[in-house]
Every structure is written in C-alpha cells, then in structure tokens.
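One structure is given here, and the rest of the page talks about it.
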Amino acid sequence: MSEVAEKTKAPRESLFSKKNRKLVTDPLTDNNPITIQVLGICSALAITVQVEQAFWMSVSVLFVLVLGNMVISMLRNLIPSRIRIIVQLVVVASLVIIVDLMLAAFVPDVSEKLSVFVGLIITNCIIMGRFEAFAMGNKVGPSLMDGLGNSFGYAWILILVAFVRELFGSGTLWGQPIFGDYIEGNGLYSIGYVNNNMMILPPMALIIVGVIIWVQRSRNKALIEDH
Amino acid sequence: MAVNKDSNGYTFGFAIALVVVVGAILASVAMATKPFQEKNEAVKKKMDIVKAILPKKQAEKVTRKNATAKFEEMVNLENAVVLDMNGNIHKDNITGEAILDVDIKKEYRDKELKEKDKHFPLFVAEDKDGKKAYVIPVVGKGLWGPVWGNICLDEDMRTIKGATFDHKTETPGLGAEIKQGFFIDRWIGEQITDEEGNPVTFEIVKDNSGAKEPVKVDGITGGTITSKGVEEMVNRGLKPYIKYFKTLKQ
C-alpha cells in the first residue's frame, strides 16, 4: 500500500471518466485489496465458511467503505491533521454501528451469524487504508468510485473463497444442499463422497486465497515482485 | 478567512463538533431500529422455546417465519406459570401472554432487584398425545458477555429432553460453539434430580467422561470459561423449578 495519497488532478472530470472508471476496475484485478495488497485477510478467513455470511459481510463492508470514503473526502479540508486517524476511526466506528443495528433490525438471522465480525469491520485495514491513502486527498466523486472498486474487489474474493469452502466443506451453497443430504446419506453421499472438514478450518481460506494469488500472478507477470 | 487548522482550539473544536454530530446520528438510528429489533427478539424467544422442545431434526426446520405458528400450536400459555426463587407461584401472579414479556436477562443483570422478586417463567408444552414437556429459560455469564438458553424436560420433570444455548459475544469457534447441536446433545438425557427429587449439581469435565457418567457433561475445548458459565447457569437456573416440581409431585 502506498503511504502517499494518490492525487487525481483534473479539476472537472465526469464521474465516469476513464480515470474514474479505472478506480473501480483496478481493485478488482491488478490492485486487489486482498490478493495484491494483502489487506483484510482476517475477515477473509473468518467469515468465508458460508457464502451467505460472505455476501452480507461484503455488503456491510461496501456500505462502510463507500460512505466512509465519501464522508472523509467531504471533510478532508477540515480535518486537523494531528487527529486525522482518530477522526477516521470515529467515522468507521459509527458506520459500523449503524450497519450492526440495521442488520439486527432487518436481517436478524444474518446478524446472529456474523455476530462479532460486524464489529471487526472497524479493524479491517482496507477501510482505514483507503481513507488515509485515497479519501484524504481526493474529491468526493473519485472517492466514491474508489470505495466501490475496493469493496467489489474485496467482495468477489470473499465470495469465491466462501463458494469453494462451503461447497466442499459442507456440501451446500447458500445453505442449500448440492450433493444431497449429508445426514441421511443420499445423493453423492450414498456412493461414498464425504465433505472435506479441512475446508471448514481457517487455514483453507489462506490456501484458497494463495491459489487465487498464484493464478493472478501467473497471468500477469507485472504483479510479481523482483525481490 | 484564515483558520489555523493546526491550532489547539481548532483541533478541540473539530473533535467536539464531530462527537456531537456522530452521537446524534447514532442515537437516532438506534431509536429508529429499536421497534424492529424488539419484534425480532420476541420471535426469537418463541423460536428458541420451540427448538428446545422438538427433536433435533424437526428443530432444524424451525425458522423465524414459522416459529410463532409452531409456538402457538405446541405451547399453551394458559398452562405456563411464573415462579419465585422458592418455587412457589410468584406473588405478582403473571399469566397468559404477559409471561412472554418477562425479561429474565434484564432481571439477571439488575443488581437492584432482590432475589425474591425475580421471576422464573415455566412454559408447558403438550403434544398431540397429551404428553407434556416443560421448558425452563435460563440465563448466566459467559466469558465476554451473557449466555442464555432453554432447558426442556420430559414428562417425568427430571430428564433433559432438549435444550438451546445462545450467547452474544463468545469467541467464535470456541465458546460460541455452545449453541451448536453437538454441545446440546451432551446435555440430552441427563437427569436434573436424583430419585428423591433433590437437585444434582452438573459438572463440566475435560476428561471425556461426560458421555458415560451422570451429572457430568463434556465441555468445549478452548471454551472452558463459557462451558463453565453454562454449567453455573444450569445449576443455578434450575433450582426454583426443581422445588416447584417437588411440590407438584407430592
């Protein structure tokens, strides 16, 4: 992650200019927050056991990151530099509390499943990273695009990892059985297929993320570091 | 207009303004979502009671959508009672729907409330054959926050037929496992009284002897404090009911 704010210069450019579109597409692939910057790994391993959880976690992060980026960008010229990290923290923390309350009110089942992980969005480095590296130095429009890009980049990795882990670990997708009923032993289970319990354990999340990184870097040699 | 953004005055002013604005926003969101959360909790309460009564397979099919209907079908609130700590009918004489409003979690937290004023609701379910089951809600302390649950007793008023446990902030993968089926299974079949109807003291053990020996229940590896919290909760929580059952049997 670059320490210096990346500046976009042009005074008046449309929200969908080439540069701004790049802000969305870059984090999806060549500057992905998880696979390239290796941030937010904690949640990538904690809540990717089921696709549903990963989906709602992604939605929560999207909400926090996009709104947070915009708020910080709006306030960027007002925030005293000595307390900027604290101000950023206050913004993330309050957005996370709002998400938590909303989930508990409207999707209570999900809220129960995510339990403490929603609170842990506060510590997700992607969010603080984008605030400090981007929103503090850019206008609201580009910050919005940057927030969207990074959340989607986070989301697709999360959901892909959850897809693999849920399918092979529990034999389900979004809670629906795919290979037949494990307990009753019908479907694929009747011919000797078993779920891979290793998939449920956290290390498999890292291994899957590792595989994604490997595929990504073998396709784009520019991503491979020299050292 | 030149404001020195690095001055102490500006920094403090900004911090104070930020906190006031954020506080106001959070307070209004909390107030706006509260009615929905309360409604969800009321459904959840019924759902947990129904889940404690039903055998595992059927319990898994209980969702928020069908919980209220199932609750009304299985549990007759006319039969439910509220006890005091000595196992007598509580002097407040709460009956019917109002029993669902008894908030044992709040009463447990309330340091001001005297033990003898606390309410202990008992739900009675009846299946199609007229076979009864008794559901006892319990509440206690885990490692990070409250734990709670429902213990369902068989017709004999002493064998645990089913249970639910839940928590707010226990460690995922460790203490949080108390809500999983495998931990609940370890409690099923245990007897809460001896032959004479005197209470037994459950003990969470680490040596795997729980499955074989009565009153011993295997804890969760890495979740010892939460497991011990459940142990304390069950032992303390069942006491008033055991006294009540003793008088019922006499």
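Below, the figures for the structure above:
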quantity	calculated
Long-range neighbours under 9 Å by Cβ, at least six apart or interchain, first residue under 15 Å from A:LEU201 (Cα atoms) and surrounded by fewer than 24 Cβ atoms within 10 Å (Cβ to Cβ) within segment A:152-163, second of a type in the set (A, V, I, L, M, F, W, C) and modelled with pLDDT under 90	A:PHE163/A:VAL51; A:PHE163/A:ALA54; A:PHE163/A:LEU173
Enumeration of residues in segment B:168-180 that are under 18 Å from B:GLU107 (Cβ atoms) and crowded, with 21+ Cβ neighbours inside 10 Å	none
Among the residues listed as B:LYS61, B:LYS57, B:LYS51, B:LYS34, the single one being in a helix (DSSP H, G or I), without any contact (Cβ under 8 Å) to a residue 12 or more places away in the chain, farther than 30 Å from A:GLY68 by Cβ and out of contact with any Lys or Arg (no Cβ under 9 Å at 6 or more places or on another chain)	B:LYS57
Some residue of segment B:73-94 being in a helix (DSSP H, G or I) and of a type in the set (Lys, Arg)	no
So A:LEU148, is it within 14 Å of chain B (Cβ to nearest Cβ) and either under 15 Å from the mean Cα position of the chain (by Cα) or modelled with pLDDT of 90 or more (or both)	no
Qualifying residue in segment A:109-120 (condition: more than 14 Å from chain B (Cβ to nearest Cβ), surrounded by fewer than 21 Cβ atoms within 10 Å (Cβ to Cβ), hydrophobic (A, V, I, L, M, F, W, C) and more than 15 Å from B:LEU26 (Cβ to Cβ))	no
Criterion (among the hydrophobic types (A, V, I, L, M, F, W, C), modelled with pLDDT under 85 and either farther than 19 Å from B:LYS161 by Cα or more than 17 Å from the chain's Cα centre (by Cα) (or both)) met by exactly one of B:ILE94, B:ILE89	B:ILE94
Residue within segment A:129-143 that is out of contact with any strand residue (DSSP E or B) (no Cβ under 8 Å at 6 or more places or on another chain), over 27 Å from B:THR33 (Cβ atoms) and at the interface with another protein chain (Cβ under 10 Å from one of its Cβ atoms) present	no
Some residue of segment A:111-120 being in contact with an Asp or Glu (Cβ under 8 Å, 6 or more places away or on another chain), among the hydrophobic types (A, V, I, L, M, F, W, C) and modelled with pLDDT of 90 or more	no
Matching residues, segment B:189-214, being under 23 Å from the mean Cα position of the chain (by Cα) and in a loop (DSSP other than H, G, I, E, B)	B:GLY189, B:GLU190, B:ILE192, B:VAL200, B:THR201, B:PHE202, B:GLY210
Test: residue in segment B:135-142 that is over 13 Å from the mean Cα position of the chain (by Cα) and either more than 14 Å from every other protein chain (Cβ to nearest Cβ) or under 28 Å from B:ASN86 (Cβ atoms) (or both)	no
Every residue from segment B:142-155 that is surrounded by fewer than 19 Cβ atoms within 10 Å (Cβ to Cβ) and touching a Phe, Trp or Tyr at 6+ places or on another chain (Cβ under 9 Å)	B:PRO146, B:ASP154, B:GLU155
Set B:LYS45, B:LYS34: member being under 25 Å from B:CYS152 (Cβ atoms), within 13 Å of another protein chain (Cβ to nearest Cβ), in contact with a Leu (Cβ under 9 Å, 6 or more places away or on another chain) and not aliphatic (A, V, I, L, M)	B:LYS45
Residue selected from segment B:152-162 under the condition at pLDDT 90 or above and in contact with a Lys or Arg (Cβ under 9 Å, 6 or more places away or on another chain), by the criterion farthest from B:LYS106 (Cα to Cα)	B:ASP154
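So that you can scan it fast, the table gives a plain yes or no per residue for (1) in contact with a helix residue (DSSP H, G or I) (Cβ under 6 Å, 6 or more places away or on another chain); (2) of a type in the set (Phe, Trp, Tyr); (3) farther than 28 Å from A:ILE178 by Cα:
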{"residue": "A:PRO27", "(1), (2), (3)": "yes, no, yes"}
{"residue": "A:ASN31", "(1), (2), (3)": "no, no, yes"}
{"residue": "A:THR35", "(1), (2), (3)": "yes, no, yes"}
{"residue": "A:VAL38", "(1), (2), (3)": "no, no, yes"}
{"residue": "A:VAL51", "(1), (2), (3)": "yes, no, no"}
{"residue": "A:SER58", "(1), (2), (3)": "yes, no, no"}
{"residue": "A:LEU65", "(1), (2), (3)": "yes, no, yes"}
{"residue": "A:ASN69", "(1), (2), (3)": "yes, no, yes"}
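The values are calculated or read from the model by the stated rules, or taken from the named source; none is laboratory data. Values in this document were obtained by computation on a predicted structure and should not be read as measured data. Because the Cβ atoms are built from the backbone with ideal geometry, glycine has one as well, and the counts that use them run over all protein chains shown.
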